[in-house]
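Beneath this line is the structure, given in structure tokens, with notes to follow.
The values are calculated or read from the model by the stated rules, or taken from the named source; none is laboratory data. Treat the numbers as computed from the prediction; the structure is a model and nothing was measured. All Cβ positions, glycine included, derive from the backbone under ideal geometry; neighbour counts span all protein chains shown.
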Amino acid sequence: MCGIVGAVAQRDIVPILLEGLKRLEYRGYDSCGIAVHADGQLRRARSTERVAELQAQVEKDAIDGFTGIAHTRWATHGAPATHNAHPHFSGQSKGSARIALVHNGIIENHDDLRSELQAAGYVFESQTDTEVVAHLVDHLYAGDLFEAVQQATRRLTGAYAIAVFCGDEPHRVVGARHGSPLVVGRGVNENFLASDALALAGTTDQIVYLEDGDVVDLQLGRIWVVDMDGRPVEREVHTVHVHTGAAELGPYRHYMQKEIFEQPRAVSDTLQDIESITPELFGDGAYKVFKEIDNVLILACGTSYYAGLTARYWIESIAKIPVNVEIASEYRYRDSVPNPRTLVVTISQSGETADTLAALKHARGLGMQHTLTICNVATSAMVRECKLNYITRAGVEIGVASTKAFTTQLTALFLLTMALAQVKGKLSEEREADMLKSLRHLPVAIAAVLALEPQIMAWADRYASKEHALFLGRGMHYPIALEGALKLKEISYIHAEAYPAGELKHGPLALVTEAMPVVTIAPHDELLEKLKSNMQEVHARGGELYVFADADTKIVNSDGIHVIRMPENYGKLSPILHTIPLQLLAYHTAVARGTDVDKPRNLAKSVTVE
């Protein structure tokens, strides 16, 4: 979702701002812009195209400067249009605007503030809540930008990260955050702001993570931070080496395709050559926590939620611990019954998902203090908020539709299952050895599934003309069916739904016609014969079945039943393998339909607002 980059330096910072925006493109956006302090005036360029077009506009207009801010916007208030794009300007000084501001998040009291500012004479040019903040800062400005931003943030309700500079104060950028991430990059006689450390890769590796309520004053040789009470605070400087190699597309057509094929490596890296299972894989003190807890609460959104649903089958089956899985955006708005002996597990690719962070804080507020996160970003807010963690090693994921982040989350959750089972006395040494052997073989098994791509491409050509699809799974493969349907709808814009196959006769069977392809996940497990009966219900009504079947299921190609055979049965880890062909089916269907695979409409990679 929205990205921020800011800089104050003694060199032209426009290339740094533009490069930062390019690094944040993977989050998703529908407009972008840049503003700089140049020759005593504020200059700006904005676009509803990609950052490359903004760069061409900047070069054409010869925009440069030593102080500036830039932004990628995902529309919330106001349509994706140039007049709604950031940065927003306010006030007049020396013949040009005085205040330039960019903002991530949502200001919930913007209507009241807008009315107040209109009464004070401010004219609004956009429909955004962000322009309200720009005018508010200008209204409160009395010669000290840092003081004006502090006063302004006290008036704001909602989530925000902002960066602002003033035409009257060259070589100064002020930032503030509450509920939305913002980091400071420290340089030599230059300093930077960003919503993600990735934006500053190659510019600085000295990163300060701001806390909720912080306001930061950046000048050439100074970083000054105050907390929500206005007290000066020291925030630790971290050396962060951000790997940027994933930004290279290489021989692949899209980042999503590249990331699908990176999964053997990503899973291997996530396993980290683990020789044995110990609770300490999840942090110091994990044994004591795992010993004390008697149930698990998983909080997540989207694809991560489906990872949590899969983990419920594993944890309850292997570790014999009850598990609840909650959609994070819903959990904190309902009355629930807290248990202080609960392990609260959050799952997030970015570690900045606003709904999941809020749900985590809500759970803690109810007295549940045992917290653990499965996350792909070691420096994220989620990791800092939780006592225990396991960092997946998926690497940077550019495509909006998650692939390698999902399979590495599943890998980490299986390790968590084993660790819990061990502490609870449910995992023998022999069974642990067998499971570890299967985990180590997993990258090879995934590579074998990827070899099915040509067969899946043939199916995708048939799917491209469809407008609806049904996905079926049973047991621990039902969440994988949900994930497969989500992938297809996200990037191909085909309406897709997933059901437990046993639910067909309770309603979804009414939808089945020859025009409704039915994707079926058919592992050779204890539910196989039940699943075959469900498939016959579809076949008898003229439905077309597309079945990903384990080799020994005895499901064969026939009229109306199309089968792709999986290379091997993989037992409890089968959900991870069956995820891969569903990713490829969604990807190649989207390619055949000509959609923007890596940046599907209306979606963002990292959802940092509620």
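At least 1 residues being free of Cβ contacts under 8 Å to residues at least 40 places away in the same chain, under 26 Å from TYR305 (Cβ atoms) and under 29 Å from the mean Cα position of the chain (by Cα) is the threshold, and among the strands (runs of 3 or more DSSP E) wholly inside the range 418-537 those reaching it are 495-500.
Being assigned by TED's automatic domain parsing to the domain that holds ALA363, without any contact (Cβ under 8 Å) to a residue 40 or more places away in the chain and out of contact with any strand residue (DSSP E or B) (no Cβ under 9 Å at 6 or more places or on another chain) narrows it down to one of ASP273, ASP269, so name that one. Step through it out loud before you land on a result.
Working: ASP269 fails: without any contact (Cβ under 8 Å) to a residue 40 or more places away in the chain.
The match here is ASP273.
Listed here are the residues, each with its yes/no results for (1) under 19 Å from ILE13 (Cβ atoms); (2) among the aliphatic types (A, V, I, L, M); (3) touching a strand residue (DSSP E or B) at 6+ places or on another chain (Cβ under 9 Å); (4) not in a helix (DSSP H, G or I).
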site	(1), (2), (3), (4)
GLN127	no, no, no, yes
HIS139	no, no, yes, no
GLU147	no, no, no, no
PRO170	yes, no, yes, yes
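Among the conditions (1) surrounded by fewer than 24 Cβ atoms within 10 Å (Cβ to Cβ); (2) under 18 Å from LEU220 (Cβ atoms); (3) touching a Pro at 6+ places or on another chain (Cβ under 6 Å), the only one that ASP30 does not satisfy is (2). Of the residues making up the range 305-317, one or more are in contact with a helix residue (DSSP H, G or I) (Cβ under 7 Å, 6 or more places away or on another chain), within 23 Å of VAL383 (Cβ to Cβ), among the aromatic types (Phe, Trp, Tyr) and assigned by TED's automatic domain parsing to the domain that holds LEU413.
Is the range 198-211 home to any residue that is more than 30 Å from ALA586 (Cα to Cα) and assigned to a helix (DSSP H, G or I)? Taking every residue of the range 198-211 in turn, at least one turns out to be more than 30 Å from ALA586 (Cα to Cα) and assigned to a helix (DSSP H, G or I). Close contacts from the range 5-16, counting a first residue that is assigned by TED's automatic domain parsing to the domain that holds ASN191 and modelled with pLDDT of 95 or more and a second that is crowded, with 24+ Cβ neighbours inside 10 Å and assigned to a loop (DSSP other than H, G, I, E, B), with Cβ to Cβ under 6 Å and a gap of 6+ residues or different chains, come to ALA7/ILE13. Can you name the residue in the range 583-604 that is modelled with pLDDT of 95 or more and closer than 18 Å to GLU397 by Cα and is also surrounded by the most Cβ atoms within 10 Å (Cβ to Cβ) among such residues? Taking the candidates together, the pick is ALA586. Considering every residue within the range 47-55, establish whether at least one is within 23 Å of VAL137 (Cα to Cα) and basic (Lys, Arg). Checking the range 47-55: not a single residue is within 23 Å of VAL137 (Cα to Cα) and basic (Lys, Arg). Give the residues of the range 181-197 that are among the charged types (D, E, K, R) and part of a strand (DSSP E or B), sorted by residue number. Correct list: ARG186 only. If I filter the range 98-110 for residues that are part of a loop (DSSP other than H, G, I, E, B) and within 28 Å of ALA359 (Cα to Cα), do I get at least one hit? Looking for residues that are part of a loop (DSSP other than H, G, I, E, B) and within 28 Å of ALA359 (Cα to Cα), one finds at least one in the range 98-110, hence yes. Picking from residues in the range 44-67 that are without any contact (Cβ under 8 Å) to a residue 40 or more places away in the chain and outside any helix (DSSP H, G or I), the one that is surrounded by the most Cβ atoms within 10 Å (Cβ to Cβ) is ALA45.
Taking every residue in the range 20-35 that is among the aromatic types (Phe, Trp, Tyr) and pairing it with any residue that is part of a strand (DSSP E or B), at least 6 positions away or on another chain, the pairs with Cβ-Cβ distances below 8 Å are TYR29/GLY3; TYR29/THR72; TYR29/ARG73. Considering only the range 167-174, I want to know if a residue exists there that is among the hydrophobic types (A, V, I, L, M, F, W, C), in contact with a Leu (Cβ under 8 Å, 6 or more places away or on another chain) and farther than 16 Å from ARG222 by Cβ. Looking for residues that are among the hydrophobic types (A, V, I, L, M, F, W, C), in contact with a Leu (Cβ under 8 Å, 6 or more places away or on another chain) and farther than 16 Å from ARG222 by Cβ, one finds none in the range 167-174, hence no.
Condition (residue is assigned to a strand (DSSP E or B), over 25 Å from the mean Cα position of the chain (by Cα) and under 22 Å from LEU220 (Cα atoms)) applied to the range 76-92: is it met by at least one residue?
Quick first cut of the range 76-92, residues assigned to a strand (DSSP E or B) only: 88-92.
After this cut, where a residue has to be over 25 Å from the mean Cα position of the chain (by Cα) as well, the list is 88-92.
Still in the running and under 22 Å from LEU220 (Cα atoms): none.
Within the range 76-92 (the criterion being assigned to a strand (DSSP E or B), over 25 Å from the mean Cα position of the chain (by Cα) and under 22 Å from LEU220 (Cα atoms)), the answer is no, since none of the residues qualifies.
Scanning the range 31-45 for residues that are under 29 Å from the mean Cα position of the chain (by Cα) and either hydrophobic (A, V, I, L, M, F, W, C) or more than 18 Å from ALA7 (Cα to Cα) (or both) returns SER31, CYS32, ILE34, ALA35, ALA45. Selection within the range 55-82: residues that are modelled with pLDDT of 90 or more and in contact with a His (Cβ under 9 Å, 6 or more places away or on another chain). The member of this set that is nearest to LEU18 (Cα to Cα) is ALA70.
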